[in-house]
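Report on one structure; see the data block that follows.
The values are calculated or read from the model by the stated rules, or taken from the named source; none is laboratory data. Remember, predicted model here, so these are calculated numbers, not experimental data. Glycine gets a Cβ as well: all are built from the backbone with ideal geometry, and neighbour counts include every protein chain shown.
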């Protein structure tokens, strides 16, 4: 019967297993297709993660006129942690597109430049900010222009002197005095390089960012030149042993207050551009010797 013949044919084909020639063939096309799917999937996941961590850099590929523009004023928190010692960029002495208050708050206002485009969009970057302060940063090295100025205050206690002449004695009291010594910054660069000692351990250059003052979890960035600022961002440049905790900038509170007062990051009305000479970074003195200025103050004696 036709049905029985068909069943026998199916059974015979199953027993043969497609033939000996077919069993000896390797499905190279299937394996190649599977590997391509895996590689493509991993690549898309990696690119998606990069876009999430660098929103401005990713957006610059698809559209122009990115913020901050000449109509914006942004603030970020920036600190340096050098083996547990906190430092900040020096305070700016003139109005600039990038300016520091000396306490970890950096203001980005492109309109204060004669060429706002040089500080707008993708040019509002950590790399460009550090260059204006003569700071060089790579994934393995951090070079600062020199040691910061230090101030030492010494207070001398009051003293009493008694002199006796014949049958009379005279007592003289000298008031206390305060002496303040300020040592100027040394122009010799300071270099922090991966592998150098830091607190008795091997130090490494690291950069950690927080997307906002309220963010408690930061992200380690392996390529500092890829950082494009976002309003309210916190950044810590550290030279610490690998795995050591990297603290957020202490200026987080000031940045949060600014975001409350100016949530859209708009520049003040009437901000006028400055001449190119005022936006150049200050020159570094050629002498590496430190100078000391001493002032002594003491109240008048009675």
Residues in segment 220-265 that are in a strand (DSSP E or B) and surrounded by 13 or more Cβ atoms within 10 Å (Cβ to Cβ) total 9
Going through segment 191-205 in order, the residues found to be within 21 Å of the chain's Cα centre (by Cα) and either within 12 Å of residue 238 (Cβ to Cβ) or not in a strand (DSSP E or B) (or both) are 192, 194, 195, 196, 198, 203, 204, 205
For segment 202-211, state whether one or more residues are modelled with pLDDT of 95 or more and over 19 Å from residue 142 (Cβ atoms). yes
Looking at residue 77, is it in the same structural domain as residue 197 (by TED's automatic domain parsing), within 15 Å of the chain's Cα centre (by Cα) and either over 19 Å from residue 231 (Cα atoms) or not in a strand (DSSP E or B) (or both)? no
For the list (1) touching a strand residue (DSSP E or B) at 6+ places or on another chain (Cβ under 9 Å); (2) in contact (Cβ under 8 Å) with a residue 12 or more places away in the chain, I need the number of the one condition that residue 114 fails. (1)
Just the residues that are part of a loop (DSSP other than H, G, I, E, B) and in contact with a helix residue (DSSP H, G or I) (Cβ under 6 Å, 6 or more places away or on another chain), please, taken from segment 107-139. 113, 114, 120
Would you mind finding the one in 99, 92 that is surrounded by 15 or more Cβ atoms within 10 Å (Cβ to Cβ), in a loop (DSSP other than H, G, I, E, B), assigned by TED's automatic domain parsing to the domain that holds residue 251 and on the phi < 0 side of the Ramachandran plot? 92
Residue in segment 170-190 that is in a strand (DSSP E or B), modelled with pLDDT of 70 or more, assigned by TED's automatic domain parsing to the domain that holds residue 242 and loosely packed, with under 13 Cβ neighbours inside 10 Å present: no
